[in-house]
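What follows is a single structure, written as structure tokens, with notes after it.
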Amino acid sequence: MRTLYVSDLDGTLLQSSARTSQYTNNTINALIEKGMLFSYATARSYLTACKVTAGLRTDIPLVVYNGAALVDGGDGTPMLKNFFGAEIGEVLEDLYANGVFPIVYAFLEGREVFSYIPSKCTPGLVTFLDSRKGDQRTHPVEDEEALGRGEIFYLTCIDSKEKLEPLYEKYKDRYHCVFQTELYTREQWLEIMPLEASKSHAIEQLKKQLGCDRLVVFGDGRNDMDMFEAADECYAVENAVPELKAMATAVIGSNDGDGVARWLEQNWQG
């Protein structure tokens, strides 16, 4: 039986420092060397995920942007793209009308960018952008028309719960939406992706590609629920939200206690 192991990053594989520990890297790398098929599924981009997992082997494809893309583990080349169609223009107009100006992730002239209007940024957006200083994808624009250019695949809104919750309720059945408080800054986020863009969908594609017949996953947040539903076994770290713990096969050690790596060390069998 061929098993694929997939972990969320923030709050799960990453410690509170937003990095994988040396212990986690060493343990998982040693198991990969013995034949374990291990990947991660994250809301992060390939670029930022690589930074926070520096030292961790990524021999097989990775799920990024909450499933909007499946990318090569070596160089980040997209292998599966789940993009919006022209209808995203109407969603953007609706967001603007409600005073919400998102970060728009897209491929523009063959290059991945995240666009934003500096004059419209909330304090939460400013905090996020400050954490991405030097990122080659940074693309400030002057107006709404420029914000909507390119092949769009991901929207990130960081604003008040009062402004974002009605939009979440409006679009949650039409698109894949994640409405949650960000783990580190405690800001309210609303992420909007194509309906087929989900961790579970991208993981299923990876599972087929690798010829696996079993899936074991690890997570901590509400945006991990879909991959928990798709898994044969699913493990919530001790610091996970109660809703995810209720779905889990079992609760394991916390992210700061290297819970995923310790479980794999004790339970993986080659």
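The values are calculated or read from the model by the stated rules, or taken from the named source; none is laboratory data. Small disclaimer: the values here were computed from a predicted structure and weren't measured. Here Cβ is always computed from backbone atoms with ideal geometry, including for glycine, and neighbour counts include all displayed protein chains. These accessible areas exclude ligands, DNA and RNA; they are computed on the full protein's heavy atoms, side chains included. Shrake-Rupley method; radii C 1.70, N 1.55, O 1.52, S 1.80 Å.
Below, the figures for the structure above:
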quantity: Residue count for the range 151-165, restricted to those that are surrounded by 15 or more Cβ atoms within 10 Å (Cβ to Cβ), at pLDDT 95 or above and not aliphatic (A, V, I, L, M); calculated: 4
quantity: Flag for Ala231 being surrounded by 15 or more Cβ atoms within 10 Å (Cβ to Cβ) and out of contact with any Lys or Arg (no Cβ under 6 Å at 6 or more places or on another chain); calculated: yes
quantity: Residue in the range 234-247 that is nearest to Ile203 (Cα to Cα), counting only those that are of a type outside the set (Ser, Thr, Tyr) and either open to solvent by 50 Å² or more (accessible area, probe 1.4 Å) or touching a Phe, Trp or Tyr at 6+ places or on another chain (Cβ under 6 Å) (or both); calculated: Cys234
quantity: Pairs with Cβ under 9 Å, 6+ apart, first in the range 122-138 and more than 24 Å from Lys163 (Cβ to Cβ), second in a loop (DSSP other than H, G, I, E, B); calculated: Asp135/Ser45; Arg137/Ser45; Thr138/Arg132
quantity: Candidates Thr77, Thr48, filtered to the one that is of a type in the set (Val, Ile, Thr) and open to solvent by 50 Å² or more (accessible area, probe 1.4 Å); calculated: Thr77
quantity: Some residue of the range 212-225 being of a type in the set (Phe, Trp, Tyr), over 12 Å from Leu4 (Cα atoms) and touching a residue at least 12 places away in the same chain (Cβ under 8 Å); calculated: no
quantity: Test: residue in the range 248-255 that is surrounded by 20 or more Cβ atoms within 10 Å (Cβ to Cβ), under 17 Å from the mean Cα position of the chain (by Cα), of a type in the set (Val, Ile, Thr) and modelled with pLDDT of 95 or more; calculated: no
quantity: Filter pass, Val260 being touching a strand residue (DSSP E or B) at 6+ places or on another chain (Cβ under 6 Å), of a type outside the set (D, E, K, R) and open to solvent by less than 50 Å² (accessible area, probe 1.4 Å); calculated: yes
quantity: Given (1) closer than 22 Å to Leu129 by Cβ; (2) open to solvent by 50 Å² or more (accessible area, probe 1.4 Å), index of the condition Ile88 fails; calculated: (2)
quantity: Qualifying positions in the range 35-45 - open to solvent by 10 Å² or more (accessible area, probe 1.4 Å) and under 23 Å from Leu190 (Cβ atoms); calculated: Ala43, Arg44
quantity: Subset of the range 204-223 (residues that are within 13 Å of the chain's Cα centre (by Cα), modelled with pLDDT under 95 and outside any loop (DSSP other than H, G, I, E, B)); calculated: Arg222, Asn223
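Residue-wise test of (1) closer than 22 Å to Ser131 by Cβ; (2) open to solvent by less than 40 Å² (accessible area, probe 1.4 Å).
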site	(1), (2)
Leu167	no, yes
Arg174	no, no
Gln180	yes, no
Pro194	no, yes
Ala202	no, yes
Lys207	no, yes
Leu210	no, yes
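A quick yes/no check of all residues on (1) under 18 Å from Lys199 (Cβ atoms); (2) open to solvent by less than 50 Å² (accessible area, probe 1.4 Å); (3) modelled with pLDDT of 95 or more:
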{"position": "Leu4", "(1), (2), (3)": "yes, yes, yes"}
{"position": "Thr20", "(1), (2), (3)": "no, yes, yes"}
{"position": "Asn25", "(1), (2), (3)": "no, yes, yes"}
{"position": "Glu33", "(1), (2), (3)": "no, no, yes"}
{"position": "Ile60", "(1), (2), (3)": "yes, yes, yes"}
